[in-house]
């Protein structure tokens, strides 16, 4: 993202009547508001400065592998690893995720995250607290965008690369905003837990099997029925304020 001064100067230099002026103005204005939102709270007061080292702070303790979704830290770290806080995990490769839960017991804190944790985990860094508002307002931080949106679709129904029979979406732990699911038998599109407010796209390949939508999802009452003969059933689910709605269902051609 450009500096604040360059953004203001660019706004001043935009010629009236130029083709695409409005698009450019909107882009620069959005950038300007991002800068202001990063620095200021809603009441106009300045936010506290970032910790030493920038957005990320390295945890001085060594993490211990607990499972493919959890690691532990010695002592009570529940005030640090709060729900929704971003984490950067160093292991065989660096991965990013968010805290799902942190439980203190037996002199250690077990932290469950959205990322896949490997047994060779060596270090963890945590981001700014979610209440600081930095996550949604730092478009110059690609790894943060990757944390939220993912860089590839999540594949459901495979274990260690082998296709397994999954008949119910309720068994899915969502970690990406695009999910692929190839049906092998008739299945249920159940009420699945979605980790954050936002839009999630389910790419379902029915292969002749039927899928039944849970009635708990809100709809506009005009959705088509899923077609087992379609090449792909594309379902868009939106979570907002804990309310989950199916906003689109498309039966795509084979």
*Go from 0 up to the bin containing the longest alpha carbon distance in region 152-252, width 5 Å each, and give me the % of pairs per bin.*
3, 13, 25, 28, 20, 9, 2, 0
*Using 0.36 nm per residue of separation minus the Cα-Cα distance, give me the extension gain between residue 76 and residue 106 in nm, one decimal.*
9.8 nm
_Radius of gyration and maximum dimension Dmax of region 190-245, Cα, Å_ = 11.9, 35
*From a point 7 Å beyond the Cα of residue 153 in the direction of its Cβ, which residues of region 189-210 have a backbone N at a distance under 17 Å?*
189, 199-209
*asked:* Could you work out the relative contact order of region 152-252? I mean the mean sequence separation of Cα pairs under 8 Å and 6+ apart, divided by the number of residues, in percent.
replied: 23 percent
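Where a number appears in this text, it was derived from the coordinates with a stated rule and is not lab data. Bear in mind the structure is a predicted one, so any value in this text is a computation, not a measurement. Cβ coordinates were reconstructed from backbone atoms using ideal geometry, including for glycine residues, and neighbour counts include every protein chain displayed.
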